[in-house]
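Take a look at the structure set out below.
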Amino acid sequence: MPDAAPAARGVYKPRRPQASPLFRLVSDHLHRLQTVYDERFAREYGPWRPVVTQVAEKFLACGVLEHGFARIRCDACTHEYLLAFSCKCRDVCPSGHAKRLAIWTQWLDTTLLAPVPHRQAVLTIPKRLRAYCLYRRRLLGEIARVAARTVTTAIRTLTGERDLAVGIVACLQTHGSRANWHPHLHLLVTDGGFRPDGTFVSWPVHDTARLTEAFRRAVLRLFVRLALFDEDQAAGMLTWPHSGFHVHTAVWVPEDDRAFATRLARYCARNPVALERLDRTTEPPRR
């Protein structure tokens, strides 16, 4: 008998987005959330942004044939099927985000990541500063640039090489493990830097406490420069015994483990919602 396994592997199986708990959650509660958001949630999570509505509506149309599709046909056997359009959105849609991550990590592997060791750096800021980012989203980008400069300066200082070029991929996460507002940064950093002649110099053993302190002072200077804090407020925060700032650099990636490097990059830019961890236990309220 002919082996049917190869043919079976090529069968297209459309996903069923409307069956997922996330789709049902957004579909059943998006309109009501919009009507009560300002009163119940704006103070804690910031103002409702139009982009939220746009992304949610695209997610509800993603993978649903009624919202558009392409007809795929094989010229050889005339077999055909319908392929629903994708929203191509990041973060909210697990399918769209997964496709973006797959393309992005392939680009990192083939184009950007140098064949040298890398290290993950996770940088967090205290709760007092997180509230400012709710109303000034561009502040998140400023903090990311401060983090990159801080890590670069630390590597150059410890190696004694002022001209080292340090490679950094920065991923901004705004959610915690409980979907709470928790902006923090994941950096994938070359474990050292390159001299102008291309020679790689490794990052020596370093004290994360000193790196954390450098990051704290740099962020507070940023807040003073942007007139969010005055000098006295910044100085007061420097006296806190537990600053709320933290830098973690313990995850190291060997130069020959490209698979680990790309998995780590995917983790750094992961979707805030994991469908396999999401379950619906209550029925929607009657209308």
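The values are calculated or read from the model by the stated rules, or taken from the named source; none is laboratory data. As the structure is a prediction and not an experimental result, all values here were calculated from the model. FYI the Cβ positions are ideal-geometry reconstructions off the backbone, even for glycines, and counts take in every protein chain you see. Please note that ligands, DNA and RNA were not included when accessible areas were found on the heavy atoms of the full protein model with its side chains. Shrake-Rupley method; radii C 1.70, N 1.55, O 1.52, S 1.80 Å.
Here are the numbers for this structure:
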{"quantity": "The stretch 255-275 residues that are aliphatic (A, V, I, L, M), paired with ones that are assigned to a loop (DSSP other than H, G, I, E, B) (beta carbon under 8 Å, 6 or more apart)", "calculated": "ALA261/LEU113; LEU264/VAL251; VAL273/VAL92; VAL273/ALA179; LEU275/SER20"}
{"quantity": "Lone unmet requirement of (1) in contact with a Ser or Thr (Cβ under 7 Å, 6 or more places away or on another chain); (2) surrounded by fewer than 14 Cβ atoms within 10 Å (Cβ to Cβ); (3) among the basic types (Lys, Arg) for ARG277", "calculated": "(1)"}
{"quantity": "Criterion: assigned to a helix (DSSP H, G or I), modelled with pLDDT of 95 or more, touching a helix residue (DSSP H, G or I) at 6+ places or on another chain (Cβ under 8 Å) and among the aliphatic types (A, V, I, L, M) - qualifying residue of ALA144, ALA154, ALA121", "calculated": "ALA154"}
{"quantity": "Output for the stretch 35-52, where each listed residue is under 20 Å from ASP91 (Cβ atoms), more than 20 Å from the chain's Cα centre (by Cα) and open to solvent by less than 70 Å² (accessible area, probe 1.4 Å)", "calculated": "TYR37, PHE41, PRO47, TRP48"}
{"quantity": "Hey, ASP257 open to solvent by 50 Å² or more (accessible area, probe 1.4 Å), among the acidic types (Asp, Glu) and more than 21 Å from ARG138 (Cα to Cα) or not", "calculated": "yes"}
{"quantity": "Residue list for the stretch 178-196, restricted to those being of a type in the set (S, T, N, Q) and farther than 18 Å from LEU264 by Cβ", "calculated": "ASN180"}
{"quantity": "Selection from the stretch 92-108 of residues that are buried (at least 18 other Cβ atoms within 10 Å of the Cβ) and either in contact with an Asp or Glu (Cβ under 7 Å, 6 or more places away or on another chain) or of a type in the set (S, T, N, Q) (or both)", "calculated": "SER95, HIS97, THR105"}
{"quantity": "Residue count for the stretch 112-157, restricted to those that are polar (S, T, N, Q) and within 18 Å of ALA269 (Cα to Cα)", "calculated": "2"}
{"quantity": "Total residues in the stretch 72-91, condition of a type in the set (Lys, Arg) and surrounded by 14 or more Cβ atoms within 10 Å (Cβ to Cβ)", "calculated": "1"}
